[in-house]
1. For the structure I just gave you, tell me whether residue 38 is loosely packed, with under 13 Cβ neighbours inside 10 Å, in a helix (DSSP H, G or I) and in the same structural domain as residue 100 (by TED's automatic domain parsing).
2. Go through segment 195-223 and report how many residues are in contact with a strand residue (DSSP E or B) (Cβ under 6 Å, 6 or more places away or on another chain) and in a helix (DSSP H, G or I).
3. With (1) in a helix (DSSP H, G or I); (2) touching a residue at least 60 places away in the same chain (Cβ under 8 Å) as the list, and residue 116 as the residue in question, which single condition is left unmet?
4. Sort out which residues of segment 107-128 are modelled with pLDDT of 85 or more and either at positive phi or out of contact with any helix residue (DSSP H, G or I) (no Cβ under 9 Å at 6 or more places or on another chain) (or both), and write them in order of number.
5. Would you mind telling me which numbered condition in (1) in contact with a strand residue (DSSP E or B) (Cβ under 9 Å, 6 or more places away or on another chain); (2) under 27 Å from residue 125 (Cβ atoms); (3) modelled with pLDDT of 95 or more residue 244 fails?
6. Go through segment 192-203 and give me each residue that's within 19 Å of residue 229 (Cβ to Cβ) and crowded, with 16+ Cβ neighbours inside 10 Å.
7. For residue 190, which of the numbered conditions (1) out of contact with any strand residue (DSSP E or B) (no Cβ under 6 Å at 6 or more places or on another chain); (2) at negative phi fails to hold?
8. Examine segment 84-105 for a residue that is more than 26 Å from residue 42 (Cβ to Cβ) and touching a helix residue (DSSP H, G or I) at 6+ places or on another chain (Cβ under 9 Å), and state whether such a residue exists.
């Protein structure tokens with residue numbers, strides 16, 4: 001929980017404008033330079049210059065980090081001169097400043113690359129690597145966000161739970177590579193019938209979920225009829241013996257958690273699978 005809280009805090013800080021971080025970084029460098037001069041050359045504040053350099057590199061980007069590195073090295077040089085620190089040769093001032101600048105630049109570049117790597121991992125964590133659908137964890141986040149939106153605007157939304165009938169037979173008869181093709185086809189075909197705001201997620205194995213924001217039952221019925229028809233056509237075209245059991249819940253009120261939403265749609269899907277299979281069953285949750 002602490003890690004999640006820290007992540008959300010960092011994400012919030014990343015939304016703050018670069019101008020804010022530029023002003024904050026410049027202010028910190030000026031303050032550090034002033035303190036450096038006042039306290040004299042016997043006390044070193046070198047470590048603290050990493051604060052504005054790191055803040056700007058992380059939250060504002062490489063160019064700002066480089067600018068902060070130059071400013072910090074310059075402030076340190078000024079403090080060296082103004083505090084009365086004397087070297088045997090004048091060039092030593094500039095040599096030390098160049099070394100400090102190089103150190104700040106290394107920190108800046110490392111932080112920029114680290115952030116890129118973390119961003120890449122964050123994106124990958126939101127995507128199911130096999131099908132390109134939304135991942136389970138990310139889908140739960142989206143569902144919770146939808147609950148929050150509903151509580152504010154009272155707009156109905158619909159959740160569909162999709163299970164592939166006879167998927168094991170495909171793996172047994174054609175092999176797992178064909179099974180993977182089936183799963184990819186399901187996602188690709190489903191997306192053809194979705195709006196940009198709709199989300200399809202792979203919940204695991206051969207089970208998928210589709211979130212339809214701001215969608216009542218009638219609109220969901222139209223969309224899911226098209227989706228089911230398209231999916232069955234694709235299965236028939238490839239001679240795959242797969243059909244689809246689908247449970248669909250439209251929420252005119254909401255439970256408190258995403259888990260409860262998923263369970264309702266899941267229970268409805270299992271009712272289909274237990275009886276006729278290859279069908280869609282609809283329900284409305286009104287609280």
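The values are calculated or read from the model by the stated rules, or taken from the named source; none is laboratory data. Treat the numbers as computed from the prediction; the structure is a model and nothing was measured. Virtual Cβ from ideal backbone geometry, glycine too; neighbours counted across all protein chains shown.
1. Details: loosely packed, with under 13 Cβ neighbours inside 10 Å: yes; in a helix (DSSP H, G or I): yes; in the same structural domain as residue 100 (by TED's automatic domain parsing): yes.
Yes.
2. Residues flagged as in contact with a strand residue (DSSP E or B) (Cβ under 6 Å, 6 or more places away or on another chain) and in a helix (DSSP H, G or I) within segment 195-223 amount to 2.
3. In the conditions (1) in a helix (DSSP H, G or I); (2) touching a residue at least 60 places away in the same chain (Cβ under 8 Å), residue 116 misses (2) alone.
4. Going through segment 107-128, the residues modelled with pLDDT of 85 or more turn out to be 107-117, 126-128.
Those that are modelled with pLDDT of 85 or more and either at positive phi or out of contact with any helix residue (DSSP H, G or I) (no Cβ under 9 Å at 6 or more places or on another chain) (or both): 113, 116, 117.
5. Unmet condition: (2).
6. Taking segment 192-203 and keeping what is within 19 Å of residue 229 (Cβ to Cβ), we get 192-195, 198, 200.
Across segment 192-203, the qualifying residues are 193, 194, 198, 200.
7. (1)
8. The first filter runs over segment 84-105 and keeps only residues more than 26 Å from residue 42 (Cβ to Cβ), leaving 105.
From what is left, the residues that are touching a helix residue (DSSP H, G or I) at 6+ places or on another chain (Cβ under 9 Å) are 105.
Yes, because at least one residue in segment 84-105 is more than 26 Å from residue 42 (Cβ to Cβ) and touching a helix residue (DSSP H, G or I) at 6+ places or on another chain (Cβ under 9 Å).
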